[in-house]
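Only one structure is covered here, and it is reproduced in the block below.
Derivation of every value follows stated rules applied to the coordinates shown; laboratory data play no part. Please read these numbers as outputs of a predicted model, since none were measured by experiment. Cβ: placed from backbone, ideal geometry, glycine included. Neighbour counts: every protein chain shown.
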Amino acid sequence: MTTIRSEHLVQSIADALQFISYYHPRDYIQALGRAYEREQSPAAKDAIAQILTNSRMSAEGRRPICQDTGIVNVFLKVGMGVRFDFDSSLEEVVNEGVRRGYLNPDNPLRASVLDESDFGRKNTRDNTPAVINVQMVPGDKLEVGVAAKGGGSEAKSKFVMLNPSDSIADWVVKTVPSMGAGWCPPGMLGIGVGGTAEKAMLMAKESLMESIDMAELKARGPKSKVEELRVEIYDRVNALGIGAQGLGGLSTVLDVKILTYPAHAANRPVAMIPNCAATRHAHFVLDGSGPAEFEAPSLSDWPKVTWVADASSTRVNLDSLDKKTVGSWKPGQRLLLSGKLLTGRDAAHKRIQEFLEQKKPLPVDFTNRVIYYVGPVDAVRDEVIGPAGPTTSTRMDKFTEMMLAQTGLIGMVGKAERGPAALDAIKKHKAAYLMAVGGAAYLVAKAIKKARVLAFEDLGMEAIHEFEVKDMPVTVAVDANGTSVHNTGPAEWSKKIIELKLPVTAA
Ligand code: SF4
């Protein structure tokens, strides 16, 4: 019989969450490095370079890889011979570890979890509760898997009840383009096949806790039907040409993981959950002897890739921006923004809408300004702001016509594609939408030289800030004619992949 002490589990969970907030798993970094070498699309290569550079900077600075530090998923495998020294529930102890990890004053992580109990969506302030799964297994140890799952990639989770004779690969290949780029590719696909609806979803999530080994699998060749399916999906999804950040390119997924379970004869439940550029998970075993220890990776594990603003980027002064300049930008053009940039996301837009409906004066003048969809991490020490990467822009689509028609706004910065309503509004008002790289939050934060809250301070990370930026890298994702690189890029690269027989997959 092994006794696990509460303090050991709490501290191990807290340390794991800190560790994964700034260290990518080595397998992810190395697979992304290989994708960088293979990539031929300049836009996708630039995005991967930003993610790799950001990753190394986060490891060096011990600050979060992404401003979205995730919702915590914990998988516990409790040995039948384990006893605990506490009377509270296992969930309470795990959540104490989450609380300690997220409130660490040296590296406070963003509290992103909202209480749904009364649909008031109040922030729980410490990122609790985690989503916890417990399994009883033989043995006398406690095995723990901890992940911090980004909201953007979680939002793209899919489930289908296929007919038993339907093709799983066909459904995945049809579904991935519908997910857009809000899941911040290149990442992984976790797939659960079988069981029941909830079992398939759980397997999809759990499969993402495995290491990336597609290059090894391809090198040795598949040895089972599951491995054959992994390879088929990996090859076919990459051949779609979606590419890093959906800009069009050769690498959309770095691996595909599949877990299976027996299913009812009438059902074939299939779940798919993507993991993003902020792939974060850690694993440890407690045997009663003390808290887990985590070995920091060596900086030599990172590929020798350093993103620098290249000479082909156009410098833009936000303080003298007008519609004429915005109208001159071309889809795919790389810009370096300097000057004053406003911020705002879901809650701020909703409040602006209320102000406009009630004919109340807005607290901020948006005339000829650009808004950045971001919810930054709080600053520590001498930082101006914590990691501050873009959030998924489609959530702001329903407010875009209002913002462009009624506030004087002329540009937006976010991540991933825009939907039809936003494209129409951008075209109608001759505005533009710029894309920053999701998963490069620490790198982007380094371009922010000053930050202050201008309005709606009670919204916390969702308040309207004014950033003063210097050479913040963005790409024109939708120009004033409504042309979207998220449509043209994948179309161009999927064609090139076939015509030029480009190497889309790890070998
Ligand atoms: S990389 Fe993208 S999806 Fe992942 S946590 Fe960051 S913003 Fe969210």
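Go through the stretch 161-238 and name the trypsin sites (Lys or Arg not before Pro) that are in a DSSP coil and have 14 or fewer other Cβ atoms within 10 Å of their Cβ.
Details: sites: Lys174, Lys199, Lys205, Lys218, Arg220, Lys223, Lys225, Arg230, Arg236; in loops: Lys223.
Taking the stretch 161-238 and a limit of 14 other Cβ atoms within 10 Å, the loop trypsin sites (Lys or Arg not before Pro) found are Lys223.
Quick one: angle between helix 420-429 and the longest Cα principal axis of the chain, in degrees between 0 and 90, rounded to 10, please.
For helix 420-429, the angle is close to 20 degrees.
If neighbour count is taken as other Cβ atoms inside 10 Å, put Met80, Met472, Met461 in order from fewest to most.
Met80, Met461, Met472
For each of His465, His8, count neighbouring Cβ atoms within 10 Å of the residue's Cβ, then give the residues from fewest to most.
Fewest-to-most ranking of His465, His8: His8, His465.
Please give the length that would be gained between Thr314 and Lys427 if that part of the chain were fully extended, namely 0.36 nm times their separation in residues minus their C-alpha to C-alpha distance (nm, one decimal).
Details: separation 113, 0.36 × 113 = 40.68 nm, distance 2.18 nm.
Taking Thr314 through Lys427 to full extension adds about 38.5 nm, to one decimal.
In nm, what is the difference between 0.36 nm times the number of residues separating Arg381 and Glu91 and their Cα-Cα distance?
On the way: separation 290, 0.36 × 290 = 104.40 nm, distance 3.26 nm.
Contour length minus the Cα-Cα distance gives 101.1 nm.
In vacuum, with every alpha carbon of the chain counted as one equal point scatterer, what does the Debye formula give for log10 I(q)/I(0) at q = 0.07, 0.09 Å⁻¹? Two decimals, please.
-0.37, -0.63
Is there a pair in Lys324/Lys495; Lys158/Lys304; Lys323/Lys450; Lys330/Lys470; Lys122/Lys360 whose C-alpha atoms are over 31 Å apart, and which pairs would that be?
Details: Lys324/Lys495 34 Å; Lys158/Lys304 35 Å; Lys323/Lys450 25 Å; Lys330/Lys470 21 Å; Lys122/Lys360 25 Å.
Among Lys324/Lys495; Lys158/Lys304; Lys323/Lys450; Lys330/Lys470; Lys122/Lys360, the Cα-Cα distance tops 31 Å for Lys324/Lys495; Lys158/Lys304.
How high is the relative contact order of the chain, in percent, with contacts defined as C-alpha pairs under 8 Å that are six or more residues apart? Write out the running numbers ahead of the final one.
Numbers: 1244 pairs, mean separation 101.7, N = 507.
Averaging sequence separation for qualifying contacts and normalising by length gives 20 percent for the chain.
On a C-alpha basis, how far is the centre of the stretch 260-293 from the centre of the stretch 49-114 in Å? Whole number, if you could?
15 Å
Can you give the % of DSSP beta bridges in the chain that are antiparallel, to the nearest 5?
DSSP beta bridges in the chain are roughly 60 percent antiparallel.
Normalising by the residue count of the stretch 330-457, find the relative contact order in percent from Cα pairs under 8 Å and 6+ residues apart.
Numbers: 198 pairs, mean separation 32.7, N = 128.
It comes to 26 percent, rounded to a whole number.
Give the order of Cys184, Cys276, Cys66 when sorted by the count of other beta carbons within 10 angstrom, beginning with the fewest.
On the way: Cys184 32, Cys276 26, Cys66 29.
The fewest-first ordering by Cβ neighbours comes to Cys276, Cys66, Cys184.
What FRET efficiency, computed as 1/(1 + (r/R0)^6) with R0 = 41 Å and r the Cβ-Cβ distance, is obtained for Asp170 and Arg26, rounded to the nearest 0.05? Write down the numbers at each step before the final one.
Values: r = 33 Å, r/R0 = 0.82.
Efficiency for this residue pair is about 0.75.
Taking the 0 to 90 degree range and rounding to the nearest ten, how far is the long axis of helix 485-499 tilted relative to the main principal axis of the chain, both from C-alpha atoms?
60 degrees
Once fully extended, how much extra length lies between Thr367 and Asn123, figured as 0.36 nm per residue of separation less the alpha-carbon to alpha-carbon distance?
Full extension from Thr367 to Asn123 adds 84.7 nm.
From Cα pairs below 8 angstrom and at least 6 apart in sequence, can you work out the relative contact order of the stretch 86-221, rounded to a whole percent?
14 percent
Measure nothing but the geometry: give the 0 to 90° angle between the long axis through the Cα atoms of 397-406 and the longest principal axis through the Cα atoms of the chain, rounded to 10°.
Orientation of helix 397-406: about 20 degrees from the principal axis.
For the residue pair Lys501 and Glu227, what label-to-label distance in nm results when each label sits 7 Å from Cα along the Cα-to-beta-carbon direction?
Label at Lys501, label at Glu227, 2.6 nm between them.
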